[in-house]
Amino acid sequence: MREEIAMEQRMDWWKDSLVYQIYPRSFQDSNGDGIGDINGIRQRLGYLKELGVDVIWLSPVYQSPNDDNGYDISDYQAIMEEFGTMEEFDLLLKEAHDLGMKLVMDLVVNHTSDEHPWFRESRKSRENPYRDYYVWKEPKTGLLDPEGGPGAPPNNWGSRFRGSAWEWDEATGMYYLHMFSKKQPDLNWENPKVRQEIYRMMSWWGKKGIDGFRMDVISMLSKNQDYPDGEIKDGNPYGDGLPYYANGPRIHEFLQEMNREVLSKFDWMTVGEGVGVGPGEALDYAGFQTNELNMMFHFEHVEISPGPYGKWNNNPADLVELKQVLSRWQTELEGKAWNSLFWENHDYPRAVSRFGSDDPKYRELSAKMLAICLYLMKGTPYVYQGQELGMINCPFTKLSDYRDIEIFRVYHEMVEEGDVPHEEMMTYIHHTGRDNARTPMQWDDSPCAGFTTGIPWIPVNPNYKEINGEEQQNRKDSVYWFYKNLFQFRKHSRVIKEGTYRLLLPDHPGIFAYERWREEEGLLVACNFTAQYQELPIPDLTEGKMILGNYGDGGDRKGLRAYEGIVWERQNPLAAGKSCSDSPSHP
Ligand code: NOJ
């Protein structure tokens, strides 16, 4: 126990850092080809520094045929031509370091591209030395194959992008596994040679001087070697293999090996993408006592309120559920592991559209309220490009405006092959589709939002004249300035960094309120997630000094206006000479 506390109190640099995620394709184009690039990022380093960013997390910039925008890598040690050159990358790294910022790369090693030389070799023959780099299986005989092979796929797993997780390969008469698109074959982590290749590659980047890795679907590396069929659930013709491909039997052995061979040799930040990971599992991956990773990303809060088609829905987010999820992560990791705090990334819709309000009347207020709500919790804060401007979902009405392979695949399965009407599906895509977060960064009100002088690879959100960085940098009450000030405040607050967390009003349908405590120091955070005034049934509000709020005034202390978020100092009842029975209780 004492050791746990010691680990908790050690302020590793990544615990105290603001991490900013860049999706390079959409951040800044420097050469007019409509695609963001490394030189574009270099041009914007000053902006990031100014915002208060400590660590840049770069989504993949490696050589890739771009079936899944760089998450399908064909050369781990080369830069995607559309993004620039290795020399430019080296300059980016150096310039970021010179400005005092660190750079974390994306590690995508559950799968490669089918154009990676290993896979090109692997598919040549059953005897090829690279055959076992991937997962090849015989067809199940005697059954009809919906995909046109001679027998059925080895099991019924659906890929995470819909359709079967198995692709028939004519040349050698076997199926290969792809948990994402068929151009992303899964690597066989059972093969020690694969693991050594990956460790070598990671060390190569380490020696270049990068500062760590965000690890793509890291919980999926070890599969149940029996490959059992998954349960068929409503709305999906394929079986749910999650219990067999997430948190598999050898995952911790693999990550401990990775830690021994690579991670422990560098002063890195590591954060694993935890598909199928709850707080209990997170302790196994990133507990202070486990020699694996520093932090995990979970998705329980951004995936609340699913519908009959899972993530494809247009349901409003249920606040009580959101509170339960985020609070569970705060309390279950307390003293044992470190949280990652994020609302957005390149795989989820914009937070304002999902949890706040797009209505111009409330857009900025709700963006600031969401920042208060999440970033006063304990953990490392992550901001996704454009979030600091309160960017919102894209209003595309045509399928052809979208670019994401997942959207096309799900549309095909649910509309063209299924029975979901086109209009209904389009509302789902608008609500939860990944391209909502992938429209170009809105820098200013010049054509194409200052992102490119060419034709952008995906349309710019037409609201860029109202929502853009330049306008917000020039206006002190903007979302941009709110983010900047909030993170500055956070840096100097030990109670935010180290204090414990306690949820208040757990069943209130409109207010998210919690306390943070560190010794005598306390904070009370209260956020209204609705457009209606909400009375605040918390005693003693008149005592504490107001510290932060999104309305620019002190509020009335009796309730919260539409999307209001406020932080007050909280008096420790014992320090103020009161008895324990006066302690504010859960109403
Ligand atoms: C998770 C990434 O965040 C997502 O963008 C990608 O499509 C899949 N992993 C596959 O790499």
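Every read-out reported here was derived from the displayed coordinates using simple, explicitly stated rules and does not represent laboratory data. Worth saying up front: this structure is predicted, and the values here are computed from it rather than measured. Here the Cβ positions follow ideal geometry from the backbone for every residue, glycine too, while neighbour counts run over all protein chains shown.
What to note about this one:
- Cut-off under 5 Å, modelled amide H: who pairs with GLY212 long-range: MET105, MET269
- Protection proxy ranking, highest mean first, for peptides 24-34, 82-92: 24-34, 82-92, where packing is the per-residue count of other beta-carbon atoms within 10 Å, averaged.
- Here's how it looks for ALA513: its modeled amide H is under 5 Å from those of LEU504, CYS527, which are all 5 or more places away or on a different chain.
- Residues whose placed amide H lies under 5 Å from that of ILE79, excluding near-sequence neighbours: GLN63, MET86
- Neighbourhood net charge (12 Å Cβ-Cβ; Lys/Arg +1, Asp/Glu -1) for GLY206: +1
- Within straight-line cross-link reach of LYS15, lysines at Cα separation under 16 Å, skipping those fewer than 8 residues along the same chain: LYS102, LYS336, LYS378, LYS491, LYS497
- Table column - 3J(HN,Hα) (Hz), the range 450-464, Karplus curve with 6.51, -1.76, 1.60, x for Gly and Pro: x, 6, 8, 9, x, 9, x, 5, 9, x, 6, 5, x, 7, 5
- Here the dipole of the chain is about 1340 debye; that uses its Cα centre as origin and unit charges on the Cβ of Lys and Arg (positive) and Asp and Glu (negative).
- Taking Cα atoms only, the orientation of helix 251-261 departs from the longest principal axis of the chain by about 90 degrees.
- q = 0.10 Å⁻¹: log10 I(q)/I(0) that the Debye formula gives for the chain, counting C-alpha atoms only: -0.88
- The lysines within cross-link reach of LYS223, meaning a Cα-to-Cα straight distance under 26 Å and a gap of 8 or more places when in the same chain, are LYS124, LYS137, LYS140, LYS182, LYS183, LYS193, LYS233, LYS311.
- Degrees separating the helix 192-208 axis from the principal Cα axis of the chain, which is the longest one: 50 degrees
- Among the GluC sites (Glu not before Pro) in the range 360-456, those placed in a DSSP loop whose Cβ has at most 16 other Cβ atoms within 10 Å are GLU417.
- Candidate aspartates and glutamates - alpha carbon under 14 Å from LYS208, same-chain residues fewer than 8 apart omitted: GLU87, GLU88, ASP90, GLU95, ASP267
- Computed [θ] at 222 nm, helices only, for the chain once each DSSP H run of length n ≥ 4 contributes -39500 (n - 2.57): -7500 deg cm²/dmol
- 0 to 90° range, to nearest 10: angle between helix 319-333 axis and the chain longest Cα axis: 80 degrees
- With distances taken between every two different alpha-carbon atoms, the range 245-306 has a Kirkwood hydrodynamic radius of 12.3 Å.
- Mean projection of the Cα convex hull over all viewing directions, computed for the range 498-582: 5.6 nm².
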